[in-house]
Amino acid sequence: MANNNSAKKRIQIAERNRLENKSYQSSVRTLMKRCFAAFGAYETKPGDEARKGLEENINLAFSKIDKAVKRGVLHRNTGANQKSRLSTAFKKAVKSKENN
C-alpha cells in the first residue's frame, strides 16, 4: 500500500488510465467485429446501401484504431495489422461480388 500522497495519486492516475485504455480496446474490438459482420452480410446480399454501410463501418474502425495508436493504447504495428486485416477482408468481399 502507498505510504505517501504522491504514490497514492499515481495509483489513482494509473487506474484512470487503465479504464480509458480498456474503453479504447473494447471499442476497437467491437468496431472490428461489426466490420466483419457487415462484410459477411454484404457477401450474402450485395447492394449499394450495403456497400455504403461497409465503407462507413470501415472508416469508423480505421479512425478508432488510429486514435488508439495515437494515445498509446495500441502499438503502431498492432494498429497497422488490424487495419490491414480489415482492408483485406473489405477488398475480398467487394471483389467477390463484383466478379459475380
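Out of A50, A2, A41, I need the residue that is touching a Phe, Trp or Tyr at 6+ places or on another chain (Cβ under 7 Å), among the aliphatic types (A, V, I, L, M) and free of Cβ contacts under 8 Å to residues at least 24 places away in the same chain. Which one?
Of A50, A2, A41, the one residue that is touching a Phe, Trp or Tyr at 6+ places or on another chain (Cβ under 7 Å), among the aliphatic types (A, V, I, L, M) and free of Cβ contacts under 8 Å to residues at least 24 places away in the same chain is A50.
Restricting attention to the range 39-76, and to residues there that are β-branched (V, I, T) and surrounded by 15 or more Cβ atoms within 10 Å (Cβ to Cβ), which single residue is farthest from N17 (Cα to Cα)?
Only one residue fits best here, namely I58.
Could you tell me whether E56 is within 23 Å of R85 (Cβ to Cβ), in contact (Cβ under 8 Å) with a residue 24 or more places away in the chain and either assigned to a helix (DSSP H, G or I) or not charged (D, E, K, R) (or both)? I'd like the intermediate steps shown before the answer.
Details: within 23 Å of R85 (Cβ to Cβ): yes; in contact (Cβ under 8 Å) with a residue 24 or more places away in the chain: no; either assigned to a helix (DSSP H, G or I) or not charged (D, E, K, R) (or both): yes.
So E56 fails the test.
Bear in mind these aren't lab numbers, they're just calculated from the coordinates by the rules spelled out. The model shown is predicted, which means the values in this text are computed figures rather than measured ones. Note that each Cβ is placed from the backbone with ideal geometry, even for glycine, and that neighbours are counted across all protein chains shown.
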